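K.L.:
One structure follows; several queries about it will come next.
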Amino acid sequence: QQASGDANQSLGLMLLYALLGGLILNVMPCVFPVIALKIFGFVQQSQDEPRRVFWLGLIYGLGVLASFLVMAALVIGIKSAGGSASWGMQFKSPQLSVGFIALVVLIALNLFGLFEVTLSGRAMGAAGDLAAKSGASGAFFNGVLATVLATPCTAPILATALGFAFAQPPLVILLFFLT
């Protein structure tokens with residue numbers, strides 16, 4: 001009975017660490033480019049009706065949650081196949097890292113007004129087109145993009161929670177990723 005109580009207390013404490021770490025993560029330097037994208041979105045929406053801004057914010061949040069559900073599914077799948085999963089594991093691939101670097105540079109140059117990303121038919125063009133869209137699809141994709149760009153970052157408290165989560169059963173992993 002006591003061991004079950006300790007496990008629940010540890011789970012609760014680790015979920016609290018995950019939540020606090022996620023909040024701290026929003027002020028870490030590695031997330032600043034993502035925050036700049038969100039601030040740019042706020043500026044673009046400054047003249048919109050508050051209800052529309054709220055609705056788009058919820059859709060942005062759904063994009064973030066959907067991204068974390070996909071990542072949780074990948075971690076669960078990798079663990080189920082006998083592999084070793086870790087935070088930011090996708091950035092061990094040099095090709096993926098170069099692709100993300102190119103995407104961030106293109107978005108930055110676009111934000112500086114140097115050019116508009118309109119490379120239709122290519123992955124970067126599709127990402128740029130989706131990020132530039134207004135409305136629900138643009139808000140959802142920007143939530144996805146923010147999540148993908150911020151995944152290599154972690155906060156001090158978050159590392160402890162993630163280490164705990166990656167050793168847990170699938171349902172607990174899902175809970176952590178959503179937290």
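The values are calculated or read from the model by the stated rules, or taken from the named source; none is laboratory data. In this text, all values refer to a predicted model and were calculated from it rather than measured experimentally. Please note: Cβ atoms are built from the backbone with ideal geometry, for glycine as well, and neighbour counts cover all protein chains shown. Accessible surface areas use protein heavy atoms only, side chains included; no ligands, DNA or RNA. Shrake-Rupley method; radii C 1.70, N 1.55, O 1.52, S 1.80 Å.
K.L.:
For segment 1-54, how many residues meet the condition of being over 25 Å from residue 108 (Cβ atoms) and at pLDDT 75 or above?
P.N.:
Final tally of qualifying residues: 18.
K.L.:
Six or more apart or on different chains, Cβ atoms under 6 Å: show the pairs whose first residue is in segment 62-85 and among the basic types (Lys, Arg) and whose second is outside any helix (DSSP H, G or I).
P.N.:
Close Cβ pairs (under 6 Å, with a partner that is outside any helix (DSSP H, G or I)) amount to 79/85.
K.L.:
For segment 79-90, which residues satisfy the criterion of being at pLDDT 65 or above, assigned to a helix (DSSP H, G or I) and either of a type in the set (Asp, Glu) or under 17 Å from residue 148 (Cβ atoms) (or both)?
P.N.:
Within segment 79-90, 89 is the sole residue that qualifies.
K.L.:
Quick one: which of 63, 41 is within 11 Å of the chain's Cα centre (by Cα) and assigned to a helix (DSSP H, G or I)?
P.N.:
Step by step, each of 63, 41 is checked, and only 63 is within 11 Å of the chain's Cα centre (by Cα) and assigned to a helix (DSSP H, G or I).
K.L.:
Let me ask another. Taking residue 97 and the conditions (1) surrounded by 14 or more Cβ atoms within 10 Å (Cβ to Cβ); (2) modelled with pLDDT under 85; (3) in a helix (DSSP H, G or I), which numbered condition does it fall short on, given that it satisfies the others?
P.N.:
Single failed check for residue 97: (1).
K.L.:
Still on this structure, I have one more. Any residue in segment 16-38 that's closer than 16 Å to residue 103 by Cα and free of Cβ contacts under 8 Å to residues at least 12 places away in the same chain: show its pairings with residues that are assigned to a loop (DSSP other than H, G, I, E, B) and open to solvent by 70 Å² or more (accessible area, probe 1.4 Å) at Cβ separation under 8 Å, as long as the two are six or more apart or on different chains.
P.N.:
35/26
K.L.:
Name the single residue, out of those in segment 157-173 being modelled with pLDDT of 90 or more and part of a loop (DSSP other than H, G, I, E, B), that is most open to solvent (accessible area, probe 1.4 Å).
P.N.:
That would be 169.
K.L.:
Now for a separate question. Looking at (1) more than 30 Å from residue 165 (Cβ to Cβ); (2) at pLDDT 80 or above; (3) in a helix (DSSP H, G or I), which is the one condition that is false for residue 114?
P.N.:
That leaves (3) as the condition not met.
K.L.:
Answer yes or no: is there a residue in segment 8-19 that is hydroxyl-bearing (Ser, Thr, Tyr), over 19 Å from the mean Cα position of the chain (by Cα), surrounded by fewer than 16 Cβ atoms within 10 Å (Cβ to Cβ) and farther than 20 Å from residue 155 by Cα.
P.N.:
No; the residues of segment 8-19 include none that is hydroxyl-bearing (Ser, Thr, Tyr), over 19 Å from the mean Cα position of the chain (by Cα), surrounded by fewer than 16 Cβ atoms within 10 Å (Cβ to Cβ) and farther than 20 Å from residue 155 by Cα.
K.L.:
Condition check: at pLDDT below 70 and closer than 29 Å to residue 173 by Cβ. Does residue 123 satisfy that?
P.N.:
Yes.
K.L.:
Of the conditions (1) open to solvent by 50 Å² or more (accessible area, probe 1.4 Å); (2) of a type outside the set (A, V, I, L, M); (3) under 21 Å from residue 19 (Cβ atoms); (4) at pLDDT 85 or above, residue 154 clears all except one; give me its number.
P.N.:
(4)
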